[in-house]
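Everything on this sheet refers to the single structure shown next.
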Amino acid sequence: MANPPKPWKAEYAKSARSSCKTCKSVISKEAFRLGKMVTATQFDGFMPMWNHADCILRKANQIKSTDDVEGIESLRWEDQQKIRNYLESGGPSNAKNVSPQAMEYAIEV
């Protein structure tokens with residue numbers, strides 16, 4: 001079996017039948033979603049495991065480059081920018097927003 005063309009797939013949900021593998025809730029129709037391409041168990045090939053884009057973009061080290069995302073060029077500009085901002089910041093956007101002053105008062109366990 002060949003490797004998938006790209007490890008991630010980005011698109012807008014065609015229906016409201018898929019569910020997010022991260023938060024387990026329904027992905028509504030026309031919602032921006034990201035699918036991790038995995039080996040299919042019922043046929044010889046690959047299939048996407050769909051997630052809300054925001055659920056994936058909250059995790060660190062998921063997408064390595066824009067070349068890893070199939071369909072990025074067909075997304076709306078603001079959704080393309082979400083992925084690019086994630087890659088430029090090195091992970092979730094809220095992880096980089098901690099100021100040095102806030103770190104001074106952080107509790108270390």
- Message: For the stretch 62-79, give me each residue that is touching a helix residue (DSSP H, G or I) at 6+ places or on another chain (Cβ under 6 Å) and assigned to a helix (DSSP H, G or I).
- Response: THR66, ILE72
- Message: Filter the stretch 25-57 down to the residues that are part of a loop (DSSP other than H, G, I, E, B) and either of a type in the set (Gly, Ala, Ser) or at pLDDT below 95 (or both) and list them by number.
- Response: SER25, SER28, ALA31, ALA40, THR41, GLN42, PHE43, ASP44, GLY45
- Note on the structure: Of ILE63, ILE27, ILE56, the only residue that is crowded, with 17+ Cβ neighbours inside 10 Å, among the hydrophobic types (A, V, I, L, M, F, W, C) and touching a His at 6+ places or on another chain (Cβ under 9 Å) is ILE27
- Query: Of all residues in the stretch 36-51, which are crowded, with 17+ Cβ neighbours inside 10 Å and touching a Phe, Trp or Tyr at 6+ places or on another chain (Cβ under 8 Å)?
  - Reply: LYS36, MET37
- When the residues of the stretch 36-61 are filtered to those that are in contact (Cβ under 8 Å) with a residue 24 or more places away in the chain and touching a helix residue (DSSP H, G or I) at 6+ places or on another chain (Cβ under 9 Å), which remaining residue is farthest from SER18 (Cα to Cα)? ALA60
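The values are calculated or read from the model by the stated rules, or taken from the named source; none is laboratory data. Being a predicted model, the structure only gives us computed values, none of them experimental. For neighbour counting, all protein chains shown are included, and Cβ atoms are generated from backbone atoms with ideal geometry for every residue, glycine included.
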